[in-house]
Amino acid sequence: MAELKTGTVYLVGAGPGDPALLTVRAQEVIATADAVLYDRLIPDGALDGAREHAELVYVGKEPGGSVQQRDIGAELVARAQRGQTVVRLKGGDPFVFGRGGEEAEVLRAAGIRYEVVPGITAGIAAPAYAGIPVTHRDAASAVAFVTGHEDPDKPESLLDWEALARFPGTLVFYMGVKALPRIADALTNAGRAPDEPAAVIERGTLPGQRTVLATLATIADGATEAAIRPPSITVVGPVAALADRLRWLEDRPLNGRSIAVTRARAQASGLAARLRALGAEVVEAPAIRIVALPGDAPDLDGTDLVCLTSPNGVRLLFHRLRAAGMDARALHGRTVAAIGPGTARALREHGIEPDVVPERSVAESLVEALAPIPVTRALIARAAEARDVLPDALRERGARVDVLPLYETVAEQLDADARTAALQADYITFTSSSTVTYFLDAAGGPPGPDTRIVSIGPVTTATLREHGLEPHVEARRHDIEGVISAILEDA
């Protein structure tokens, strides 16, 4: 019998919460894993890069009930012994209050190969997002990371408060919100200056992050008054006072605004990332899903005009061309038209500079832009359910028109949490007529009265009006950048 080959376990830090802080290495190992055992405090979207058939197993710690640590270790060993590649995904860094060291010991004792993928720990990231450097040449040359949990039944968990009070640098406490009065009293009773600056940072690196600045003597009352909740980080030391001068997160233009994105999940990431970078809390509520239709590459003989009406159409047209052994050279010598800037950008990514791009991303504008272009035979690569404005107009000019349906848009089910959050968001974005129709069907009704409705352009606006909704904002440029600009202007 052949010897069973054991797999590898990756102990991976997912970072402090901002999805953009997930490391490249973390994404690489998640993408190759047979199974991902993940914790509660991991970034949104951290599992999106997992393989289609990978097992995603929740092993997070919850108040009132958690998976036991010994059971997690046994599961990692058992899966590796079956030859699986396993990712153990933790918030922050696996070796900073993440119990990754314990899991590494279990794996080493069982003879399992493992690798540690460090993550950005909240004790550094949350203060940085609040404008607090944990070290500073003029204020702190050392930093100590301390757990806020003490267990009287475990002497090894008890802290030396006198040593911490004398520590010549910054103290960063994890998991200490409920214990903050005790921490502050213990430090001041041991000799730490009551008027030393202190800060508590809630939801570090995430939209809605809040910071309370006070002194060591008053920080507990300040946190209570502000109703600070976990997960939070507490910083004690002169550097905390720098937050007033160095704060930057709260200055982002969409900070504190929640924005629902209803476009297909595969296309939502770019819009969501841009909105998050501007400070928004993004609610991903994909109402549609793009399904590629089967078919061969088009016969382009005699075709003098090729029209693309969406980035999806570009992607799927080139997929068919590649499957037939062709590439961008198949479009050589033909006029290539893109319905708008987003589609034009997708063409450029495939090495094609479009000849025609109307100012407005609607079929009527593309018809006008094509008016001076002689056309004998045209190919229109598009969605199956698209409007017939463009093919009808070209046929009226006497052109032979081949319509190539490359994909269809189907409804995507919304989970209850996403539906509720989207209906209550500050803004909800609709980037096509299908997102309007399918979202309203899935949501069971319109957004709340305080939610501002954003439309990508006149066609989507018309669909909204058919459903009895008037958009508060319509993008002047009918692409994703236009949507973002419109929200910024409105906000």
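With respect to the conditions (1) at pLDDT 95 or above; (2) touching a Lys or Arg at 6+ places or on another chain (Cβ under 7 Å), residue 482 falls short on a single one, namely (1).
Each row is one residue, and each column tells you yes or no for (1) surrounded by 15 or more Cβ atoms within 10 Å (Cβ to Cβ); (2) over 27 Å from residue 481 (Cβ atoms).
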| position | (1), (2) |
| --- | --- |
| 359 | no, no |
| 369 | yes, no |
| 377 | yes, yes |
| 383 | yes, no |
| 387 | yes, no |
| 399 | yes, yes |
| 423 | yes, no |
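Results for (1) modelled with pLDDT under 95; (2) among the aromatic types (Phe, Trp, Tyr); (3) in a helix (DSSP H, G or I); (4) under 27 Å from residue 233 (Cα atoms), shown as yes or no for each residue.
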site: 4; (1), (2), (3), (4): yes, no, no, no
site: 10; (1), (2), (3), (4): no, yes, no, yes
site: 17; (1), (2), (3), (4): yes, no, no, yes
site: 29; (1), (2), (3), (4): no, no, yes, no
site: 37; (1), (2), (3), (4): no, no, no, yes
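Screening 378, 346, 273 for residues that are modelled with pLDDT of 95 or more and either of a type in the set (A, V, I, L, M) or over 30 Å from the mean Cα position of the chain (by Cα) (or both) leaves exactly one candidate, 378. Residue under question is residue 223, and the condition is that it be part of a helix (DSSP H, G or I), modelled with pLDDT of 95 or more, touching a helix residue (DSSP H, G or I) at 6+ places or on another chain (Cβ under 7 Å) and not polar (S, T, N, Q); does it hold? Yes: the conditions hold for residue 223.
Here residue 368 passes the criteria (1) outside any loop (DSSP other than H, G, I, E, B); (2) out of contact with any Leu (no Cβ under 7 Å at 6 or more places or on another chain); (3) touching a residue at least 24 places away in the same chain (Cβ under 8 Å) except the one numbered (3). Given the condition in contact with an Asp or Glu (Cβ under 8 Å, 6 or more places away or on another chain), in a loop (DSSP other than H, G, I, E, B), free of Cβ contacts under 8 Å to residues at least 60 places away in the same chain and under 30 Å from residue 278 (Cβ atoms), answer yes or no: does some residue in region 97-119 qualify? Within region 97-119, none of the residues are in contact with an Asp or Glu (Cβ under 8 Å, 6 or more places away or on another chain), in a loop (DSSP other than H, G, I, E, B), free of Cβ contacts under 8 Å to residues at least 60 places away in the same chain and under 30 Å from residue 278 (Cβ atoms). Which one is nearest to residue 231 (Cα to Cα), of the residues in region 159-177 that are free of Cβ contacts under 8 Å to residues at least 40 places away in the same chain and surrounded by 11 or more Cβ atoms within 10 Å (Cβ to Cβ)? Step by step, filter region 159-177, then rank; the result is 159.
Residue-by-condition table, conditions (1) among the aromatic types (Phe, Trp, Tyr); (2) part of a loop (DSSP other than H, G, I, E, B); (3) over 27 Å from residue 460 (Cα atoms):
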| site | (1), (2), (3) |
| --- | --- |
| 234 | no, no, yes |
| 254 | no, yes, no |
| 260 | no, no, no |
| 269 | no, no, no |
| 282 | no, no, no |
| 289 | no, no, no |
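From the list 341, 354, 311, the one residue that fits, being more than 20 Å from residue 458 (Cα to Cα) and not aromatic (Phe, Trp, Tyr), is 354. Only residues that are over 23 Å from residue 231 (Cα atoms) and either in contact (Cβ under 8 Å) with a residue 24 or more places away in the chain or not assigned by TED's automatic domain parsing to the domain that holds residue 243 (or both) were counted across region 178-195, and they come to 5.
For region 139-157, a residue qualifies if it is over 26 Å from residue 120 (Cα atoms) and either in a loop (DSSP other than H, G, I, E, B) or assigned by TED's automatic domain parsing to the domain that holds residue 92 (or both), and the qualifying residues are 151, 152, 153, 154.
The residue of region 128-146 that is surrounded by the fewest Cβ atoms within 10 Å (Cβ to Cβ), among those that are touching a helix residue (DSSP H, G or I) at 6+ places or on another chain (Cβ under 8 Å) and within 16 Å of residue 200 (Cβ to Cβ), is 145.
Does at least one position in region 188-211 carry a residue that is assigned to a helix (DSSP H, G or I) and not β-branched (Val, Ile, Thr)? Among the residues of region 188-211, at least one is assigned to a helix (DSSP H, G or I) and not β-branched (Val, Ile, Thr), which makes the answer yes.
The residues in region 290-320 that are charged (D, E, K, R), exposed (fewer than 13 other Cβ atoms within 10 Å of the Cβ) and over 14 Å from residue 332 (Cα atoms) can be counted, and the count is 1.
Taken over region 236-252, the criterion of being touching a strand residue (DSSP E or B) at 6+ places or on another chain (Cβ under 8 Å) and in a loop (DSSP other than H, G, I, E, B) is satisfied by 237, 247. Of the numbered criteria (1) buried (at least 20 other Cβ atoms within 10 Å of the Cβ); (2) within 24 Å of residue 157 (Cβ to Cβ); (3) under 35 Å from the mean Cα position of the chain (by Cα); (4) of a type in the set (A, V, I, L, M), the one residue 187 fails is (3). Each residue in region 257-279 was checked for being of a type in the set (Gly, Ala, Ser) and in contact with a helix residue (DSSP H, G or I) (Cβ under 8 Å, 6 or more places away or on another chain), and 6 of them qualify. Taken over region 128-137, the residue count meeting the criterion of being closer than 15 Å to residue 171 by Cβ and either part of a loop (DSSP other than H, G, I, E, B) or in the same structural domain as residue 26 (by TED's automatic domain parsing) (or both) is 4. Taking region 55-103 as the range and being farther than 16 Å from residue 113 by Cα, surrounded by fewer than 20 Cβ atoms within 10 Å (Cβ to Cβ) and basic (Lys, Arg) as the test, the residues that pass are 61, 70, 99. When the helices (runs of 4 or more DSSP H) confined to region 374-491 are screened for residues that are more than 30 Å from residue 294 (Cβ to Cβ), those reaching at least 3 such residues are found at 416-423, 458-466, 480-490.
The values are calculated or read from the model by the stated rules, or taken from the named source; none is laboratory data. Since this is a predicted model, take the numbers as computed values, not measurements. For neighbour counting, all protein chains shown are included, and Cβ atoms are generated from backbone atoms with ideal geometry for every residue, glycine included.
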